[in-house]
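Inspection log for the structure reproduced underneath, given as structure tokens.
The values are calculated or read from the model by the stated rules, or taken from the named source; none is laboratory data. A quick note: this is a predicted structure, and the numbers were derived from the prediction, not measured. All Cβ positions, glycine included, derive from the backbone under ideal geometry; neighbour counts span all protein chains shown.
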Amino acid sequence: MNDRVTKSAKSASDDTTPSAPRETARAADALALLEADHRAVEKLFDAFAQSRGDQRDTLDAKAALAQRACEELTMHTIIEEELLYPAAQQALPEDDELDVDEAFVEHFLVKTLIAKFETLKPGDQGFDATFKVMSELVRHHIEEEEGQLFPALRRTGCDLAALGNKIAARKQTLQARLDEAGARAVGDKT
């Protein structure tokens, strides 16, 4: 993909992705970090929806946006499954645990759709439809988390600062691995 397309996809998420110094400051609240991730992914979904046509530049832009969205969602689901959901299951009363169970199922569906992008390419039949379904599912998931799970978790008195620090550290590790894999892939092409 050309640099212009990659920069376009990256800038769609950069507006809400905190820089390193800010991330440390925002790590005081785990849910604020996760909400920032949600906003970044929603921007990628919106940018993809605005990409219309079958010209090479448009297809390249869609490929870059889909790749970035899949990367962001993959990191986000790992963080939620490893850190947020176990904390929520521990802190929430039993009747609220259904929300966490539903979130795991929604993550499974999103990961299934992400896996489809390993074989689907922009312009292929089903590429745009798969991305649209994934974005709709994720938007629904975000709505439920931010409308139900996050407020319930806030009411428990769970230590969101400590959880935020763990989330920030895990995200940094995952991003470093992603950057490393990207550098290797670029090296393999040269």
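Are any of the residues in region 156-178 at pLDDT 95 or above, closer than 28 Å to Ala47 by Cα and touching a Ser or Thr at 6+ places or on another chain (Cβ under 9 Å)? Checking region 156-178: at least one residue is at pLDDT 95 or above, closer than 28 Å to Ala47 by Cα and touching a Ser or Thr at 6+ places or on another chain (Cβ under 9 Å). Only a single item in (1) without any contact (Cβ under 8 Å) to a residue 60 or more places away in the chain; (2) over 16 Å from Glu80 (Cβ atoms); (3) β-branched (Val, Ile, Thr) is not met by Thr156, and it is number (1).
Leu160 passes every criterion in (1) closer than 19 Å to Ala32 by Cβ; (2) surrounded by fewer than 19 Cβ atoms within 10 Å (Cβ to Cβ) apart from (2). Residues in region 39-77 that are at pLDDT below 95 and among the hydroxyl-bearing types (Ser, Thr, Tyr): Ser51, Thr58.
Going through region 48-81 one residue at a time, which ones are part of a helix (DSSP H, G or I), surrounded by fewer than 16 Cβ atoms within 10 Å (Cβ to Cβ) and basic (Lys, Arg)? Result: Arg56, single match.
Count of region 132-156 residues, restricted to those that are of a type in the set (Ser, Thr, Tyr) and over 19 Å from Val110 (Cα atoms), is 1. Answer yes or no as to whether Leu84 is part of a loop (DSSP other than H, G, I, E, B) and among the hydrophobic types (A, V, I, L, M, F, W, C). So Leu84 does not fit the description; no. State whether the residues of region 88-102 include one that is at pLDDT below 95, within 16 Å of the chain's Cα centre (by Cα) and not charged (D, E, K, R). Within region 88-102 (the criterion being at pLDDT below 95, within 16 Å of the chain's Cα centre (by Cα) and not charged (D, E, K, R)), the answer is no, since none of the residues qualifies.
Condition test on Gln50, is it of a type in the set (S, T, N, Q) and closer than 22 Å to Lys166 by Cβ? Against the criterion (of a type in the set (S, T, N, Q) and closer than 22 Å to Lys166 by Cβ), Gln50 does not qualify. Every listed requirement among (1) at pLDDT below 95; (2) outside any loop (DSSP other than H, G, I, E, B) is met by Ala36 save one, (1). One residue stands out among those in region 112-131 that are touching a residue at least 24 places away in the same chain (Cβ under 8 Å) and not aliphatic (A, V, I, L, M): the one that is nearest to Asp46 (Cα to Cα), which is Phe131.
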